[in-house]
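The values are calculated or read from the model by the stated rules, or taken from the named source; none is laboratory data. Values in this document were obtained by computation on a predicted structure and should not be read as measured data. No Cβ is skipped: glycine too gets one built from the backbone with ideal geometry, and neighbour counts run over all protein chains shown. For accessibility, only protein heavy atoms count, side chains too; no ligands or nucleic acids. Shrake-Rupley method; radii C 1.70, N 1.55, O 1.52, S 1.80 Å.
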Amino acid sequence: MEDTLVHQGQRRKLVQELLQKGIENQEVLNAIARVPRHWFFPQDFQSFAYRDAAFPIDHGQTISQPLTVAQQTQWLALPRGSKVLEVGTGSGYQAAVLLEMGYEVYTIEYIKPLLEKAMRVLTQSNGNIRAFHGDGSRGLEKHGPYDGIVVTAGAPVVPQNLITQLKVGGKLVVPVGSDPQNLSMMRLTRKANGSASEEVLGAAKFVPLKGQFGFEP
Ligand code: SAM
């Protein structure tokens, strides 16, 4: 897996673009600048790897748009060392960005071959990932509670079971809505009494969350 000066230059341009689009968190920008997105990108389309756009990967899924990855990471707003669960490993790119943020990262993916492919890249780039195959709409209770949970697929309703897997003060960033093409990005912060405060952060489009608390089994 190579990372040439050309790739690094393309990443610097991408970072400038994200800065102009409102990403202010320097640690997030540094993480985007460090992670070779082309490693997580389909081989035949490497020249598209540093466009600020989502792109199809195998099994009808997508690698998220860099702006979305940066926003979801920025909205977690957690210090280094925080314990974070990502639901929807996909290509592994967002997980790599979370690792670069200095988090203890758990990630869960529904489609086993996607997880295996992502793991081949992630273990070569940063071996500290804890990756699981399963239904992340149910969370990953045995390794919780988490400081943050980021869901990278659209949920039909706020997954209440994920809130129970957060520490008090922990944050869930999740796109929610009945139409995956027209979702609201939400942040829920767990309170001491077990309920959560809710914020709507913007509009979003994602592939649908599958599984027990998703759109389809
Ligand atoms: N974070 C990914 C990346 O950086 O490439 C983008 C992921 S893609 C937009 C959404 C992923 O969520 C897909 O790989 C899909 O298979 C996965 N997914 C959907 N429902 C899931 C579930 N219930 N549990 C775990 N993963 C799920």
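Of all residues in the range 24-49, those being open to solvent by less than 50 Å² (accessible area, probe 1.4 Å) and within 16 Å of the ligand (Cβ to nearest atom) number 11. Among the residues of the range 73-93, the ones that are more than 15 Å from residue 40 (Cβ to Cβ) and assigned to a loop (DSSP other than H, G, I, E, B) come to 6 in all. Check the range 110-118 and report whether any residue there is under 23 Å from residue 100 (Cα atoms), in contact with a strand residue (DSSP E or B) (Cβ under 8 Å, 6 or more places away or on another chain) and not charged (D, E, K, R). Among the residues of the range 110-118, at least one is under 23 Å from residue 100 (Cα atoms), in contact with a strand residue (DSSP E or B) (Cβ under 8 Å, 6 or more places away or on another chain) and not charged (D, E, K, R), which makes the answer yes.
From the list 210, 191, the lone residue that is more than 16 Å from the chain's Cα centre (by Cα) and either at pLDDT 95 or above or open to solvent by less than 70 Å² (accessible area, probe 1.4 Å) (or both) is 191. Looking at the range 132-150, is at least one residue among the polar types (S, T, N, Q), crowded, with 16+ Cβ neighbours inside 10 Å and either within 10 Å of the ligand (Cβ to nearest atom) or modelled with pLDDT under 95 (or both)? Checking the range 132-150: at least one residue is among the polar types (S, T, N, Q), crowded, with 16+ Cβ neighbours inside 10 Å and either within 10 Å of the ligand (Cβ to nearest atom) or modelled with pLDDT under 95 (or both).
Screening residue 106 on (1) under 23 Å from residue 187 (Cα atoms); (2) open to solvent by 30 Å² or more (accessible area, probe 1.4 Å); (3) in contact with a His (Cβ under 6 Å, 6 or more places away or on another chain) shows it passes everything except condition (2). Assess whether residue 178 counts as being of a type in the set (Gly, Ala, Ser), open to solvent by less than 50 Å² (accessible area, probe 1.4 Å) and either at pLDDT 95 or above or away from the ligand (no atom under 12 Å from the Cβ) (or both). Spelling it out, it is not the case that residue 178 is of a type in the set (Gly, Ala, Ser), open to solvent by less than 50 Å² (accessible area, probe 1.4 Å) and either at pLDDT 95 or above or away from the ligand (no atom under 12 Å from the Cβ) (or both).
Just one of the listed residues (89, 123, 62) is open to solvent by 20 Å² or more (accessible area, probe 1.4 Å) and closer than 22 Å to residue 208 by Cα, namely 62.
Is it the case that the range 2-17 has a residue that's farther than 18 Å from residue 95 by Cβ, of a type in the set (Val, Ile, Thr) and assigned to a helix (DSSP H, G or I)? Yes, some residue in the range 2-17 is farther than 18 Å from residue 95 by Cβ, of a type in the set (Val, Ile, Thr) and assigned to a helix (DSSP H, G or I). Of the strands (runs of 3 or more DSSP E) contained entirely in the range 126-208, those carrying at least 2 residues that are closer than 20 Å to residue 70 by Cβ fall at 146-151, 166-179, 182-190, 196-204.
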